[in-house]
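Read through the structure below, which is laid out as structure tokens, and then see the notes.
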Amino acid sequence: MKQIATDTAIKKPATKSRKISKNDLRNNVAGYLFIAPMLIGSAVLILFPIIASFFLSFTDWNFVTGLGGASFVGLDNFSALFQDSIFLKGLTNNFILLLVVPFGLAISLILAVVINKGVYFKDTFKVIYFMPYISSTVAIALVFQVLFHPTAGPINQILMALGVENVPGWIASSDWSLISVMIIIVWTQIGFQIIMYIAALQNISAQLYEAANVDGASKWYQFFKITVPLVTPTTFLLLIQGVVHTFKVFDLIIVLTEGGPANSSTIPVLYLYQQAFEELKTGYASAISVILFLILIAITFLQWIGQKKWVNY
């Protein structure tokens, strides 16, 4: 009897496999139908072009001749790129262009602190700074073509009225054209960055600043020891966004300078467009896109590794 009782006690009910009900199946199908437009759009407009670019970068394809005219050339496109002085110049310009990211973030954070604490009509200032970010890039470039005119532009006219003799050539000078582009990028991006920083500042507890005031900490000490560390997650987000943006600045440069003078403001994405749609070298242009893709992946990977040492969550 004891053995029977023991056997009965250790017996467990058999588990039945859960069957998907019609309601669950209907919900799953509805969910997939809702995401289908975005999924298909992303596959057609993003995933497929990326995969196609990798394959085409190993060919000498010209899209005018059709796919039948493509022939495999191996790594010839890549070896030719690293001997191409225009591409190397554009790549150098693009890395110089990265300097606008930390410079713009520093200005945005300072302005955000000022607007958040000591300025009346905060919403008005937010709109004023945000307007360039949502404005047409082509319109902005056309306006700055007038402002940066080397002789008749308002900026140089003011400088000459103030007694400056050797005024900058701005977009007409090979020494100043890239700097002109950098100034415009900072001006257009600063509004979005300020809005993001103000949102981050409002999440910082006021008790931290009150305790610092009681201890006699200066405003600068509070800024560097409380504000800067606690907004590092936002800084990290804006850093990635800014780096990616500098590698895809196209419309601003092509309208403002067309990469000139003497390729002083050209960058790889502009050179890619010229090779693909003006020179009709689709395979060569695909090799440029692959290199840009790999550079962005490498920079983003390094940022993700580095953020563990300076981002405070």
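The values are calculated or read from the model by the stated rules, or taken from the named source; none is laboratory data. Here the structure is a predicted model, which is why all the values come from computation and not from measurement. So basically every Cβ, Gly included, is an ideal-geometry build from the backbone, and we count neighbours across all protein chains shown. The accessibility values were calculated without ligands, DNA or RNA, using every heavy atom of the protein model including side chains. Shrake-Rupley method; radii C 1.70, N 1.55, O 1.52, S 1.80 Å.
Couple of notes before you dig in:
- Taken about its Cα centre, the chain carries a charge dipole of roughly 2080 debye when the Cβ of each Lys and Arg holds +1 and the Cβ of each Asp and Glu holds -1.
- Classified by the C-alpha gyration tensor, the range 54-100 has a prolate form. Its axis ratio a/c, with a ≥ b ≥ c, is 1.5 or above, and a/b is larger than b/c.
- Loop-located chymotrypsin sites (Phe, Trp or Tyr not before Pro) in the range 54-86 whose Cβ has at most 14 other Cβ within 10 Å (DSSP): PHE82
- Of the chymotrypsin sites (Phe, Trp or Tyr not before Pro) found in the range 117-166, those that fall in a DSSP loop while having at most 12 other beta-carbon atoms within 10 Å are TYR120, PHE121.
- Spatial offset of the range 46-80 relative to the range 202-244 amounts to 48 Å, using the alpha carbon center of each.
- Helix runs (DSSP H) in the chain reaching 24 Å along axis by Cα, Kyte-Doolittle at least 0.0: 22-42, 100-118, 177-201, 282-310
- Percentage relative contact order, the chain, counting C-alpha pairs under 8 Å, at least six apart: 27 percent
- Heavy-atom accessible surface of the chain: percent carbon and sulfur, 1.4 Å: 69 percent
- Where the chain is the region considered: accessible area per residue in Å², 1.4 Å probe: 62 Å²
- Cα-based shape type of the chain, given that a ≥ b ≥ c are square roots of the gyration tensor eigenvalues and the cut on a/c is 1.5: oblate
- Across the cross-link table entries LYS219/LYS248; LYS248/LYS281; LYS219/LYS309, which are compared at the Cα atoms, the separations over 31 Å belong to LYS219/LYS248.
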